[in-house]
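Report on the following structure.
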Amino acid sequence: MRDLPGSVTQSDGSVVVRVLSYNVRSMRDDVDALARVIRACRPDVVCVQEAPRFFRWRKAAARLARTSELVYVSGGATASGPMILSSLRAHVERTEDVLLPRAPGLHQRGFATAVLRFGRVRLGVLSCHLSIQDEERYEQGRLLLARLSALDVPYAVAAGDLNDRPDGRTFGLLAGALQDGWATKPWGREHTTRLGDPLQRIDAVFATPGVEVLGCGVPMGLPGIAEQDLRTATDHLPVLAALRVPAT
């Protein structure tokens with residue numbers, strides 16, 4: 001399997017940033033395997049879903065960051081699950097956690113957001129985990145696009161567990177306004193459900209216009225990633241994207 005382009009700052013000030021989206025199921029599975037998978041992806045930014053939200057959640061978030069050789073940026077319980085981690089390459093300019101309107105009887109949802117700087121590049125980041133209910137999920141998709149715009153940066157990325165497939169209307173809403181990483185430049189494996197489960201692509205990385213998608217997909221076969229680790233780390237497969245972001 002060919003590797004994705006590595007993280008680099010180019011002569012014109014643009015940067016190649018590796019973004020990983022990963023539903024970690026509250027770290028209820030093999031956390032060591034989870035950290036090995038993340039490290040092997042060599043991400044600059046990780047958009048986490050289902051981060052620990054309850055007792056000592058900050059300690060669990062710090063453990064995941066430390067064992068993955070990253071730092072905590074934003075989210076977790078304060079965003080009701082979505083979280084952002086980054087490498088030391090990123091300078092954190094600002095963060096905001098957002099709780100979304102909740103339909104009675106359904107889980108509270110939220111966004112973890114940040115503006116990160118990589119040299120002369122400012123990049124907005126949003127991690128999300130959308131509703132299982134169609135109407136609520138569609139409204140959350142609309143709020144996601146509004147929140148990206150409110151970050152007030154030239155370029156941004158949104159990543160997460162959509163609980164929707166590419167033929168669904170919320171996925172279509174996002175793909176109509178943003179670049180769907182896999183559809184734009186497919187790389188690796190397409191489907192993000194756990195190995196052995198029905199094949200579905202319900203996790204995705206999206207980028208705003210102007211960002212160049214160099215490759216995006218599930219890093220099956222990437223050096224350092226064992227299939228056994230993917231099976232035991234959590235019940236989703238990760239999505240890894242390499243993005244070239246112009247200088248601001």
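Excluding ligands, DNA and RNA, what is the solvent-accessible area per residue of segment 153-225 at a probe of 1.4 Å, expressed in Å²?
Numbers: 2720 Å² over 73 residues.
Ligands and nucleic acids excluded, the result is 37 Å² per residue.
What order, most packed first, do the peptides 23-30, 72-79 have when packing is the mean number of other Cβ atoms within 10 Å of each residue?
Ranking, from highest mean packing down: 72-79, 23-30.
Over the chain, with a single point scatterer placed on each C-alpha, what log10 of the ratio I(q)/I(0) does the Debye formula yield at q = 0.07, 0.08, 0.13, 0.15 1/Å?
For the requested q values the scattering log ratios are -0.19, -0.25, -0.71, -0.98.
Cα-based Rg (one decimal) and Dmax (whole number) for segment 107-183, in Å?
When restricted to Cα atoms, segment 107-183 yields Rg and Dmax of 12.6, 40 Å.
For the pair Ala62 and Asp134, what calculated FRET efficiency results from E = 1/(1 + (r/R0)^6), where r is the Cβ-Cβ distance and R0 = 25 Å, to the nearest 0.05? Walk me through the numbers before you get to the answer.
Working: r = 36 Å, r/R0 = 1.43.
Once the sixth-power term is evaluated, E becomes 0.10.
Run the accessible area of segment 101-248 with a 1.4 Å probe and give the carbon-and-sulfur part as a rounded percent.
50 percent
Would you mind computing the Rg to Rh ratio of segment 1-109 from its alpha-carbon coordinates, Kirkwood style for Rh?
Rg/Rh for segment 1-109 comes to 1.01.
Remind me, what semi-axes does segment 29-173 give for its equivalent ellipsoid, largest first in whole Å, using sqrt of 5 times each Cα gyration tensor eigenvalue? Don't skip to the end; give the middle numbers.
Working: eigenvalues 113, 74, 39 Å².
Values for segment 29-173, descending: 24, 19, 14 Å.
So, for segment 23-95, what is the accessible surface per residue at a probe of 1.4 Å, expressed in square angstrom?
Working: 3230 Å² over 73 residues.
Result: 44 Å² per residue.
Kindly sort Glu190, Glu135 by accessible area of their heavy atoms, largest first, with the probe set to 1.4 Å.
Reading off the accessible areas and sorting them downward yields Glu135, Glu190.
The values are calculated or read from the model by the stated rules, or taken from the named source; none is laboratory data. Computed from a predicted model, the values in this text were never measured in an experiment. All Cβ positions, even for glycine, are placed from backbone atoms using ideal geometry, and neighbour counts span all protein chains on display. Heads up: the accessible areas ignore ligands, DNA and RNA and are worked out on the full protein's heavy atoms, side chains in. Shrake-Rupley method; radii C 1.70, N 1.55, O 1.52, S 1.80 Å.
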